[in-house]
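Inspection log for the structure reproduced underneath, given as structure tokens.
The values are calculated or read from the model by the stated rules, or taken from the named source; none is laboratory data. Everything numeric here is computed off the predicted structure, so don't read it as measured data. Virtual Cβ from ideal backbone geometry, glycine too; neighbours counted across all protein chains shown.
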Amino acid sequence: MDASSISPLPQKLLYNLNRIPINNFIQAKEVRVVDETGKQLGLMNIFEAIDLAKSKGLDLIQVTEKVVPPVCKIADYGKHLYSQQKKERKIKAGTKESKLKEIQIGFNISPHDIEVKAKMAERFLNEGDKIKINLVLRGREKSMAEFAKNKVKFFAESLEKLVPTKVERELKKEPRGFTMIISKK
């Protein structure tokens, strides 16, 4: 018999084996057992616990491995997996990943354009994102660093009038200009 004739385990089964040990895949010799109603049955030999679960037509599922002996629950494995996935989806749906949005300001930007960009930044902040304000300096503009700092500060003040903000990273001089990161309070 050669190695190619042996069929590999299905990916779904491998995934589940890596996640939650059940029945004969539980490594411990003794386990703390909880039945399907939530009643604690106490410490049992692993083989007794598996036989008890099989007699009820259910599986022995290892719930936690952090304690010695591990806690195992008698339940239907399919239903247990479904409820776990449902909990994960609910948690994932409730959280929004915050992104870093970048707003670029020019050296010669007018006060009205700063207000327009501040309104755009307000929308990003209300969506839960952080904002990186970027002022790029080219050529001779680099010699007028104080004027550039005042532009960025004016933008931050205009934004503060629209929505309460806090500075994540102070105004910082970089090789190409100035940057600052702001988030909503």
Within region 128-148, residues part of a helix (DSSP H, G or I) and over 21 Å from Val116 (Cβ atoms) come out as Gly139, Arg140, Glu141, Lys142, Ser143, Ala145, Glu146
Residue set Lys185, Lys161; condition loosely packed, with under 13 Cβ neighbours inside 10 Å, among the basic types (Lys, Arg) and touching a strand residue (DSSP E or B) at 6+ places or on another chain (Cβ under 6 Å); output residue Lys185
Result of the Cβ filter at 8 Å on region 45-72, keeping first residues that are over 11 Å from Arg32 (Cα atoms) and outside the structural domain of Gln84 (by TED's automatic domain parsing) and partners that are among the basic types (Lys, Arg) and assigned to a strand (DSSP E or B), at least 6 apart or interchain, is none
Given the conditions (1) surrounded by 10 or more Cβ atoms within 10 Å (Cβ to Cβ); (2) touching a strand residue (DSSP E or B) at 6+ places or on another chain (Cβ under 8 Å), every one holds for Lys29 apart from (1)
For region 105-127, the count of residues that are over 27 Å from Phe147 (Cα atoms) and assigned to a loop (DSSP other than H, G, I, E, B) equals 1
Is it the case that some residue within region 7-21 is loosely packed, with under 13 Cβ neighbours inside 10 Å, modelled with pLDDT under 90 and in contact with a helix residue (DSSP H, G or I) (Cβ under 7 Å, 6 or more places away or on another chain)? yes
- Item | Flag for Glu122 being loosely packed, with under 15 Cβ neighbours inside 10 Å, free of Cβ contacts under 8 Å to residues at least 60 places away in the same chain and not assigned by TED's automatic domain parsing to the domain that holds Lys39 | no
Going by the structure shown, is Ala156 touching a residue at least 12 places away in the same chain (Cβ under 8 Å), crowded, with 16+ Cβ neighbours inside 10 Å and either outside the structural domain of Gly177 (by TED's automatic domain parsing) or touching a strand residue (DSSP E or B) at 6+ places or on another chain (Cβ under 6 Å) (or both)? no
Quick check, is Glu102 in contact with a Ser or Thr (Cβ under 8 Å, 6 or more places away or on another chain) and under 30 Å from Met144 (Cα atoms)? no
